[in-house]
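These notes concern the structure reproduced below.
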Amino acid sequence: MSYFKVGLIAAIWLVARAGWGQGGAELSGHVANDIGSTISVSWLAQPFDTREQVARGHTNAQGDFKMHVPISAPTLVQLTYEGEEAPIFLEPGQALTINFNADNVAASRQFA
């Protein structure tokens, strides 16, 4: 096999691999005792970046929500609901379901 073919295969593999991690993560769940507020997820795109990235979602009438978080690497994010915060670790391609009570987000969160 020639060096050109090996290089071409390696380049295609690297491009495909880079594309896998750019899909982001899907976050969905249910808020008990919901008052119809916005759910925010914030994170720093780079470790030394001072600009915070934010994704926002809303609950429906039943308290359910679904949102896309555009991350490209494993990231520690901060879930915020009505001033209550809870840290969550997300990875690209992950679909995480989280249920919590609006009265105490950090203590009542349950992952599925």
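Coordinate-derived values only; no laboratory data. Everything numeric here is computed off the predicted structure, so don't read it as measured data. A quick note on method: Cβ atoms are made from the backbone with ideal geometry, for glycine too, and the neighbour counts reach across all protein chains shown.
Between Ile35 and Thr50, what length in nm is gained on full extension when 0.36 nm per residue of separation is reduced by their alpha carbon distance? Each step should come with its number before you reach the end.
Numbers: separation 15, 0.36 × 15 = 5.40 nm, distance 3.15 nm.
Extra length available between Ile35 and Thr50 comes to 2.3 nm.
From the C-alpha gyration tensor of the range 23-111, pull out the three semi-axes of the equivalent ellipsoid (sqrt of 5λ each), sorted largest to smallest, in whole Å.
Numbers: eigenvalues 94, 36, 26 Å².
Whole-Å semi-axes of the equivalent ellipsoid: 22, 13, 11.
If you rank His58, His68, His30 by fewest surrounding Cβ atoms within 10 Å, what's the result? Intermediate results must be reported in sequence, preceding the final value.
Numbers: His58 11, His68 14, His30 18.
So the residues, fewest neighbours to most, are His58, His68, His30.
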